[in-house]
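The values are calculated or read from the model by the stated rules, or taken from the named source; none is laboratory data. Bear in mind the structure is a predicted one, so any value in this text is a computation, not a measurement. Glycine gets a Cβ as well: all are built from the backbone with ideal geometry, and neighbour counts include every protein chain shown.
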Amino acid sequence: MTIFEMLEQSAVLTILGMAVVFCFLWLMIICVNLMSRLVHKMGWDKDIPPSETVPPKRPGETAKPDVIAVISAAVRDYRKNEEAHDD
């Protein structure tokens, strides 16, 4: 087997492998879309209760003053206790 035959065979295998992966991914996308439509059509996505979590604060928003006071008091207490243990 010459080098050119080996290169030709490797190119065919490479293209075949990429085609198999492409077809698998294409089929997977189709299945996910069909499953999404089925779940939506059957109404299986309607019974999920909306989350009651607090939305995250946006950058630039300040914390509530009472929260800042509690955190400041805790830090002050911690530092006071650390100084007492260091002596």
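Laid out as a table, the results:
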{"read-out": "Members of segment 38-49 found to be loosely packed, with under 10 Cβ neighbours inside 10 Å and either modelled with pLDDT of 95 or more or among the charged types (D, E, K, R) (or both), listed by number", "value": "Lys41, Lys46, Asp47"}
{"read-out": "Scope segment 50-83; condition modelled with pLDDT of 80 or more and β-branched (Val, Ile, Thr); matching residues", "value": "Val67, Ile68, Val70, Ile71, Val75"}
